[in-house]
Amino acid sequence: MKRIEMARGTAAGVADTLFQTEDAIDRAMSQIAVFAQVLPVAGKEAGFAATRGQAVYERLAEAMVAQSQARAKIVQVHELLAELKADSHMRTVAIGGGSKDTPVGGTIPPGNHLAVVHAVG
(Lines give C-alpha, C1' and ligand atoms only; values in the text may rest on other atoms or scores of the structure.)
Protein backbone atom coordinates (compact mmCIF):
# COMPACT_ATOMS: atom_id res chain seq x y z
CA MET A 1 0.00 0.00 0.00
CA LYS A 2 1.35 3.40 -0.94
CA ARG A 3 1.99 6.01 1.70
CA ILE A 4 -0.74 8.33 0.37
CA GLU A 5 -3.29 5.50 0.51
CA MET A 6 -2.30 4.76 4.11
CA ALA A 7 -2.56 8.46 4.98
CA ARG A 8 -6.03 8.63 3.42
CA GLY A 9 -7.13 5.63 5.44
CA THR A 10 -5.76 7.26 8.57
CA ALA A 11 -7.53 10.54 7.77
CA ALA A 12 -10.80 8.72 7.19
CA GLY A 13 -10.41 6.97 10.55
CA VAL A 14 -9.76 10.27 12.29
CA ALA A 15 -12.81 11.81 10.59
CA ASP A 16 -15.04 8.92 11.61
CA THR A 17 -13.87 9.19 15.21
CA LEU A 18 -14.39 12.96 15.16
CA PHE A 19 -17.96 12.53 13.92
CA GLN A 20 -18.62 9.91 16.60
CA THR A 21 -17.26 12.31 19.23
CA GLU A 22 -19.44 15.15 17.96
CA ASP A 23 -22.48 12.88 18.02
CA ALA A 24 -21.68 11.68 21.55
CA ILE A 25 -21.45 15.26 22.79
CA ASP A 26 -24.80 16.11 21.22
CA ARG A 27 -26.38 13.00 22.74
CA ALA A 28 -24.95 13.91 26.16
CA MET A 29 -26.37 17.43 25.90
CA SER A 30 -29.75 15.98 24.96
CA GLN A 31 -29.62 13.56 27.89
CA ILE A 32 -28.80 16.36 30.33
CA ALA A 33 -31.83 18.25 29.02
CA VAL A 34 -34.05 15.19 29.47
CA PHE A 35 -32.74 14.81 33.03
CA ALA A 36 -33.47 18.49 33.70
CA GLN A 37 -37.08 17.93 32.59
CA VAL A 38 -37.54 14.96 34.91
CA LEU A 39 -36.23 16.61 38.08
CA PRO A 40 -39.04 19.12 38.78
CA VAL A 41 -41.71 16.50 38.25
CA ALA A 42 -39.88 14.03 40.50
CA GLY A 43 -39.46 16.67 43.19
CA LYS A 44 -43.12 17.57 43.07
CA GLU A 45 -44.18 13.91 43.18
CA ALA A 46 -41.88 13.39 46.18
CA GLY A 47 -43.56 16.30 47.94
CA PHE A 48 -40.44 18.48 48.10
CA ALA A 49 -40.83 22.20 48.62
CA ALA A 50 -39.62 24.39 45.76
CA THR A 51 -36.70 25.53 47.92
CA ARG A 52 -35.45 21.99 48.50
CA GLY A 53 -32.80 20.66 46.14
CA GLN A 54 -31.86 24.00 44.59
CA ALA A 55 -28.19 22.97 44.63
CA VAL A 56 -29.10 20.05 42.36
CA TYR A 57 -30.49 22.42 39.74
CA GLU A 58 -27.46 24.69 40.00
CA ARG A 59 -25.02 21.79 39.53
CA LEU A 60 -27.07 20.50 36.61
CA ALA A 61 -26.96 23.93 34.98
CA GLU A 62 -23.18 23.94 35.47
CA ALA A 63 -22.99 20.51 33.84
CA MET A 64 -24.91 21.79 30.81
CA VAL A 65 -22.57 24.77 30.53
CA ALA A 66 -19.54 22.48 30.78
CA GLN A 67 -20.99 20.21 28.09
CA SER A 68 -21.63 23.24 25.88
CA GLN A 69 -18.03 24.34 26.36
CA ALA A 70 -16.82 20.85 25.46
CA ARG A 71 -18.93 21.02 22.30
CA ALA A 72 -17.40 24.39 21.39
CA LYS A 73 -13.91 22.93 21.84
CA ILE A 74 -14.72 19.98 19.57
CA VAL A 75 -15.99 22.43 16.95
CA GLN A 76 -12.60 24.18 17.20
CA VAL A 77 -10.82 20.83 16.85
CA HIS A 78 -12.86 20.13 13.73
CA GLU A 79 -11.92 23.50 12.27
CA LEU A 80 -8.22 22.97 13.08
CA LEU A 81 -8.29 19.55 11.44
CA ALA A 82 -9.88 21.11 8.36
CA GLU A 83 -7.03 23.65 8.27
CA LEU A 84 -4.44 20.87 8.58
CA LYS A 85 -6.15 18.99 5.77
CA ALA A 86 -6.14 22.08 3.55
CA ASP A 87 -2.43 22.68 4.21
CA SER A 88 -1.39 19.11 3.43
CA HIS A 89 -1.45 16.53 0.70
CA MET A 90 -4.77 15.37 2.20
CA ARG A 91 -6.79 18.13 0.54
CA THR A 92 -8.64 15.55 -1.54
CA VAL A 93 -9.82 13.61 1.53
CA ALA A 94 -13.27 14.70 2.66
CA ILE A 95 -13.62 14.97 6.43
CA GLY A 96 -16.92 16.78 6.45
CA GLY A 97 -20.34 16.69 4.90
CA GLY A 98 -22.85 19.23 3.79
CA SER A 99 -22.34 22.22 1.59
CA LYS A 100 -19.43 24.65 1.57
CA ASP A 101 -22.11 27.38 1.30
CA THR A 102 -23.58 26.59 4.72
CA PRO A 103 -23.15 29.70 6.89
CA VAL A 104 -20.85 29.32 9.87
CA GLY A 105 -22.00 30.84 13.15
CA GLY A 106 -25.69 30.44 12.43
CA THR A 107 -28.07 28.35 14.43
CA ILE A 108 -28.01 24.61 14.05
CA PRO A 109 -31.32 23.22 12.83
CA PRO A 110 -33.08 20.98 15.38
CA GLY A 111 -32.36 17.29 14.85
CA ASN A 112 -29.43 18.04 12.57
CA HIS A 113 -26.53 17.42 14.96
CA LEU A 114 -23.56 19.60 14.20
CA ALA A 115 -24.65 20.22 10.61
CA VAL A 116 -22.81 23.52 10.56
CA VAL A 117 -19.59 21.85 11.77
CA HIS A 118 -19.87 19.13 9.17
CA ALA A 119 -20.36 21.77 6.48
CA VAL A 120 -17.17 23.56 7.55
CA GLY A 121 -15.18 20.31 7.20
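Here the gap between Ala82 and Thr51, fully extended at 0.36 nm per residue and compared with their Cα-Cα distance, gives a gain of 6.4 nm. Using the alpha carbons alone, the radius of gyration of segment 7-50 stands to its Kirkwood radius in an Rg to Rh ratio of 1.44.
The heavy atoms of Val65 present about 80 square angstrom of accessible area, all protein chains included, probe 1.4 Å. Per-residue SASA remark: Lys73, around 120 Å² accessible (1.4 Å probe; ligands, DNA and RNA not included). Surface listing: Phe19, Phe35 arranged by accessible area from highest to lowest gives Phe35, Phe19, probe 1.4 Å.
The values are calculated or read from the model by the stated rules, or taken from the named source; none is laboratory data. All figures in this text were calculated on a predicted structure; none of them were measured in a lab. To get the accessible areas, we keep the full protein, side chains included, count just its heavy atoms, and leave off ligands, DNA and RNA. Shrake-Rupley method; radii C 1.70, N 1.55, O 1.52, S 1.80 Å.
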